[in-house]
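Notes follow the structure.
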Amino acid sequence: MAFTAKSQDTRERYYYYEILEPRHEPKPKVEGFATERIKDRLNRGLSAVLSEDGKSVYLSWRLLETDNPNASFNVFRQVNNKITKLNRKPIVKTNDFIDTKPAAKAVYWVEAISKNKAVIPNSEKLHVDFQSLKNYTSFRVKDKERVGKIGIGDLNGDGIMDYIVRTPSSNVDPGMPPDTTGITYKISAYLHDGTWLWTYDLGLGIEPGVWYSPFVVFDLNGDGKAEVALKTAGDDYVRNNRGRIAGGSEYLTVLDGMTGKVISRVDWPERNFRYGDVNRQNRNQIGIAYLDGKTPSLLALRGTYKLMVVDAWQLNGNRLEKLWRWDGDEENPIVRSMGAHNMVATDVDGDGRDEILLGSCMLDDNGTLLWSSGLGHSDKAYLTKIHPDNEGMQVFLAIEPYRTDGRGVCVLDAKTGKQIWAINQPTYHVGDGMVADFDPAHPGLECFASEDRKGGSTDKYLFNSKGEKLNSTNDEVPGMRNWVWWDADLLRETFKGDDNRWGASSFGYSQTIWKWHTKQDLTKNIEGSIQMIVDLDGDWREEVITSIGDEIRIYRTNIPAKDRRVTLLQDPLYRSYITHRSMGYPQSPVPSFYLGQ
């Protein structure tokens, strides 16, 4: 791309480039093996938790994109040999029901009806022991270690999400001394009921840190069962004089989800001096994108702060096939240092093929640069529809480097990268940010960000969706780590810890789901480190997956619904956020459409 550099304060490490036009040669479009889009084959997702009053069974289930918009539901309960239809009239407005006279043990299921005729799919049958019912289900990991990362996917093809777990929870960051304890990361697979399937030891060739061990869970070859893609290494690793691994073989490996056996393996993007030192060159990510609109493509990314390289592959049967390589230096320096701590993919330009947001830049589906903001490394980058009246989607950026041009917190058009609004004041080291509708006084999603002391500032910023700064103190700006759709309205909720700190850290052990504008506590005693927030089952609202010791808990809301919508897991962008939550730094998922009050 052609660019013009604008001078900045000498403290700023990056230049701002005005994007003029692409300079790369066109690359061919990807044509994958799939003839139609490969998707999760979800079942009805019936779930049961203890009701708010502790006396009833609260049931909820999925609305699927294949359902008739006017579909209604009947709820059935079987006790011994007696079957009872529990609802008097078909359930139309919501996808939930409360059994106020539960039996000690019962089997529940839900049937969908349309024009008084049963339609497929009905729900699976759910066995409920009322005496042991809580607001969460749980299982324990086999190696008795505290969990560090969780991925979800349907491993056995039954329509229910299963779990891939990384242990232990320890982490060696690129800026930390090397691990000398001999700890190795293990990747283990569990069915949804906690049944252990297999464990894969990454070995000493993979340093036990989040940037050396990315993995994702997805159905890559279209057989209806999820595979596990991860970065692996051989035994020929070489350590430098600082004790960090700086040489040896590295691979992109795909494992069978049910057995853990290697399906296919190819070389990981090679080490190169252009990435910078070992702290930079070993930052790795794995992603999924539908580059042809139908076939899940596997992305292997190396680099964040200097050069970035992405290799794209497809798993055709049991063989990884190369689709393209993107080398950021082809368009250097406009994409140097534009990486983030996560990635997400969806169609932003309306051509039916996914683009890839890498932070401050967007890749096109054919492995060329769609646009770059030129703003430098973004600690947080959110792609979603921020204002309901704006065309298409937008990108919210929280830029880490010191900036004097007022663009350290900004919103861009997702298709073009053009600025919609910016903070218009200097920023120093913006280390966190989030978009969520939590205040009904303003249309659209609120946009908020915080400095993180490294630049000498602790300021927090709160804006409405139009970029108008809201009058607030630092204490009034909520935390940015974890947000969840939990109660019956469209506002999103956050967490506070036992010390009543707003937006409690995901590392807290007991938290309360809390509503910002009413200061109302919704659900207390959410215990453990938050691993994932996801519309896992039940209706469209989200579950909270935590780890506490060697236990994994899945907390579910028991607040009666007021409306219904298709499960968020079937929104392509939301599904992409969930897929990528198992690697990099965590971000709360958001959909491609406006979801707010």
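The values are calculated or read from the model by the stated rules, or taken from the named source; none is laboratory data. Computed from a predicted model, the values in this text were never measured in an experiment. Cβ placement follows ideal geometry from the backbone for every residue including glycine, while neighbour counts extend to all protein chains displayed. Note: accessible area is taken over every heavy atom of the protein model, side chains too, but ligands, DNA and RNA are not part of it. Shrake-Rupley method; radii C 1.70, N 1.55, O 1.52, S 1.80 Å.
For THR199, state whether it is assigned to a strand (DSSP E or B), open to solvent by 40 Å² or more (accessible area, probe 1.4 Å), at pLDDT 95 or above and farther than 17 Å from SER60 by Cα. Please lay out each step first, then the result.
Values: assigned to a strand (DSSP E or B): yes; open to solvent by 40 Å² or more (accessible area, probe 1.4 Å): yes; at pLDDT 95 or above: yes; farther than 17 Å from SER60 by Cα: yes.
Considered against the rule, which asks whether it is assigned to a strand (DSSP E or B), open to solvent by 40 Å² or more (accessible area, probe 1.4 Å), at pLDDT 95 or above and farther than 17 Å from SER60 by Cα, THR199 comes out as yes.
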Exercise. Out of the residues in the stretch 309-367 that are of a type in the set (Gly, Ala, Ser) and more than 24 Å from the chain's Cα centre (by Cα), which is farthest from GLY222 (Cα to Cα)?
Worked result: GLY328
Exercise. Out of the stretch 459-510, which residues are within 21 Å of ALA422 (Cβ to Cβ), part of a loop (DSSP other than H, G, I, E, B), at pLDDT below 95 and polar (S, T, N, Q)?
Worked result: ASN471, SER472
Exercise. Among the strands (runs of 3 or more DSSP E) confined wholly to the stretch 363-455, which include 1 or more residues that are without any contact (Cβ under 8 Å) to a residue 60 or more places away in the chain and closer than 26 Å to GLU476 by Cβ?
Worked result: 378-384, 394-399, 409-413, 419-422, 430-436, 446-451
For this session: Show the residue pairs that are 6+ apart or on different chains and have beta-carbon atoms under 6 Å apart, the first residue being within the stretch 260-280 and without any contact (Cβ under 8 Å) to a residue 40 or more places away in the chain, the second being in a loop (DSSP other than H, G, I, E, B) and open to solvent by less than 60 Å² (accessible area, probe 1.4 Å).
Result: TYR275/GLY303; TYR275/LEU307
Seminar exercise, completed: Of the residues in the stretch 384-409, those that are more than 18 Å from PRO443 (Cα to Cα) and either hydroxyl-bearing (Ser, Thr, Tyr) or open to solvent by less than 10 Å² (accessible area, probe 1.4 Å) (or both) number 10
Seminar exercise, completed: Just one listed residue, out of VAL348, VAL335, VAL310, is assigned to a loop (DSSP other than H, G, I, E, B), in contact (Cβ under 8 Å) with a residue 12 or more places away in the chain and either touching a Cys at 6+ places or on another chain (Cβ under 6 Å) or open to solvent by less than 10 Å² (accessible area, probe 1.4 Å) (or both), and it is VAL335
Problem set entry | From LYS82, LYS39, residue being farther than 20 Å from ARG575 by Cβ, out of contact with any strand residue (DSSP E or B) (no Cβ under 6 Å at 6 or more places or on another chain) and charged (D, E, K, R) | LYS82
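Take the conditions surrounded by 18 or more Cβ atoms within 10 Å (Cβ to Cβ), over 19 Å from the mean Cα position of the chain (by Cα) and in a loop (DSSP other than H, G, I, E, B) and apply them to GLY205. Does it pass?
Values: surrounded by 18 or more Cβ atoms within 10 Å (Cβ to Cβ): yes; over 19 Å from the mean Cα position of the chain (by Cα): yes; in a loop (DSSP other than H, G, I, E, B): yes.
In short, yes.
If the requirement is being of a type in the set (Gly, Ala, Ser), crowded, with 21+ Cβ neighbours inside 10 Å and more than 11 Å from the chain's Cα centre (by Cα), which of these qualifies: SER529, SER576, SER582, SER547?
On the way: SER529 fails: crowded, with 21+ Cβ neighbours inside 10 Å; SER576 fails: more than 11 Å from the chain's Cα centre (by Cα); SER582 fails: more than 11 Å from the chain's Cα centre (by Cα).
That would be SER547, the only listed residue that is of a type in the set (Gly, Ala, Ser), crowded, with 21+ Cβ neighbours inside 10 Å and more than 11 Å from the chain's Cα centre (by Cα).
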Problem set entry | Those residues of the stretch 294-303 which are in a loop (DSSP other than H, G, I, E, B) and open to solvent by less than 10 Å² (accessible area, probe 1.4 Å), in sequence order | THR295, GLY303
For this session: For GLU321, work out the one condition from (1) open to solvent by less than 10 Å² (accessible area, probe 1.4 Å); (2) part of a strand (DSSP E or B) it doesn't fulfil.
Result: (1)
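Evaluate the following for ILE187: is it of a type in the set (A, V, I, L, M), modelled with pLDDT under 95 and either closer than 27 Å to LYS322 by Cα or open to solvent by 20 Å² or more (accessible area, probe 1.4 Å) (or both)? Working first, answer last.
Values: of a type in the set (A, V, I, L, M): yes; modelled with pLDDT under 95: no; either closer than 27 Å to LYS322 by Cα or open to solvent by 20 Å² or more (accessible area, probe 1.4 Å) (or both): yes.
No; evaluated as a whole, the condition is false for this residue.
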